[in-house]
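Student: The following block contains the structure, expressed as structure tokens.
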Amino acid sequence: MAEVRECAQCGTPFTPRREHARFCSTRCRVTWNREHAGVAAAPAVAIDWSVTAMTEAAGRLAAARDWDPARLAAAVAEAVWWVTLVDATLVRYHPRDYEAALASEDVRRRKTEQAL
Ligand SMILES: [Zn+2]
């Protein structure tokens, strides 16, 4: 049975499509973020080095050859950590850019989601 949560913005029950989903819709997420925009925005430099760390972790994982399961599991965990951190930061602090990027044909969203 699918999990049901209460939207943090409007209170409507919804079935989350992502592990950390807090809102029933993009509209509610954007509204909540606008209302809470004054709360410590993530500095661009922090996003830059997070993206760098994410890229390096993905590169290490892509280059993994004949690694033992424990080392491979650690590399996967590190890559997932950085992807989650960058994704959550962009969703929280740059919702318009995030949505625009996902709507772009340049982003292979379904393929990326399947890979993750
Ligand atoms: Zn809602």
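The values are calculated or read from the model by the stated rules, or taken from the named source; none is laboratory data. This structure is a prediction, so every number in the text was calculated from the model and none was measured. Glycine gets a Cβ as well: all are built from the backbone with ideal geometry, and neighbour counts include every protein chain shown. Calculation scope for accessible area: heavy atoms of the full protein, side chains included, ligands and nucleic acids excluded. Shrake-Rupley method; radii C 1.70, N 1.55, O 1.52, S 1.80 Å.
Student: May I ask you to verify whether residue 19 is in a loop (DSSP other than H, G, I, E, B), under 20 Å from residue 113 (Cα atoms) and open to solvent by 60 Å² or more (accessible area, probe 1.4 Å)?
Tutor: Criteria met by residue 19.
Student: State whether one or more residues within the stretch 66-79 are within 30 Å of residue 34 (Cα to Cα), in a helix (DSSP H, G or I) and open to solvent by 70 Å² or more (accessible area, probe 1.4 Å).
Tutor: no
Student: Where residues in the stretch 97-107 are in contact with a helix residue (DSSP H, G or I) (Cβ under 9 Å, 6 or more places away or on another chain) and not small (Gly, Ala, Ser), which of them is surrounded by the fewest Cβ atoms within 10 Å (Cβ to Cβ)?
Tutor: 97
Student: Do we find that residue 91 is closer than 17 Å to residue 21 by Cβ and open to solvent by less than 70 Å² (accessible area, probe 1.4 Å) in this structure?
Tutor: Yes; evaluated as a whole, the condition is true for this residue.
Student: Those residues that are more than 8 Å from the ligand (Cβ to nearest atom) and at pLDDT 90 or above, I need them from the stretch 1-25; list them, please.
Tutor: 4, 5, 6, 13, 15, 16, 22
Student: Being in contact with a helix residue (DSSP H, G or I) (Cβ under 8 Å, 6 or more places away or on another chain), part of a helix (DSSP H, G or I) and within 16 Å of the ligand (Cβ to nearest atom) is the requirement here; does residue 51 meet it?
Tutor: no
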